[in-house]
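Here is the structure we will look at, set down as structure tokens.
Each reported figure results from applying straightforward, stated rules to the coordinates on display, with no laboratory input. Nothing here was measured: the structure is a model prediction, and the numbers come from that model. We place every Cβ from the backbone using ideal geometry, glycine too, and count neighbours over all the protein chains shown.
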Amino acid sequence: MPLERLKRKMTKEVMWIYVLKLLKDRPMYAYELKNEIKKRFDWVPATITSYVVLYRLQSEGYVTAKWGDESTNSRRKYYYITEKGEKLLKDGEKFLRDIIQVLFES
């Protein structure tokens, strides 16, 4: 099914852009990101996929992580977008806008 493949390619296979978009709004922990993707973008990533994507983004310098502070008694690891991540998000958004424009204006 071509439409199902398109949906998979535009969601799970580029999950990083959804993660960076959400982290631009505010820091979040992994499970929270998964739930926000469902709420805001109407698709559900696998839990393990969320962690894999976050690990890759962190190892490549697009996000950083900090454990919750003692004042909130949080034991969660919060992820923050970096400047490098903001640039990647901006470049990804531009690429998608350009593709949409080419597809629908021709």
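Label separation (ILE48 vs ASN35): 2.3 nm, computed from points 7 Å beyond Cα along the C-beta direction. Counted residue by residue at 0.36 nm each, then reduced by the alpha carbon distance between them, the extension gain from PHE104 to ARG76 reaches 5.8 nm. Counting Lys and Arg as +1 and Asp and Glu as -1, what is the net charge of the other residues whose Cβ lies under 13 Å from the Cβ of ALA46? So the environment of ALA46 carries a net charge of +3. Only one residue of TYR55, LEU88, PHE41 has its Cα farthest out toward the positive end of the dipole of region 38-96, where Lys and Arg carry +1 and Asp and Glu -1 on Cβ, and that residue is PHE41.
Using the Cβ of VAL14 as centre and a radius below 12 Å, the other residues enclosed give a net charge of +3, where K and R count +1 and D and E count -1.
Across the chain, the mean sequence separation of Cα contacts (distance under 8 Å, 6 or more residues apart), normalised by length, yields a relative contact order of 26 percent. Near GLY61: Cβ cut-off under 11 Å, other residues only, Lys/Arg at +1 and Asp/Glu at -1. The net charge is +1. Each helix, a run of at least 4 DSSP H residues, gives -39500 (n - 2.57); summed and divided by the residues of the chain, these come to -20500 deg cm²/dmol at 222 nm. Partners of LYS39 within straight-line reach, counting aspartates and glutamates whose Cα lies under 18 Å from its Cα and excluding those fewer than 8 residues away in the same chain: ASP25.
Classification of the chain by its C-alpha gyration tensor yields a prolate form. The axis ratio a/c (a ≥ b ≥ c) is 1.5 or more, and a/b outweighs b/c.
If R0 is taken as 25 Å, the Cβ-Cβ distance between LYS7 and LYS87 corresponds to a FRET efficiency of 0.40.
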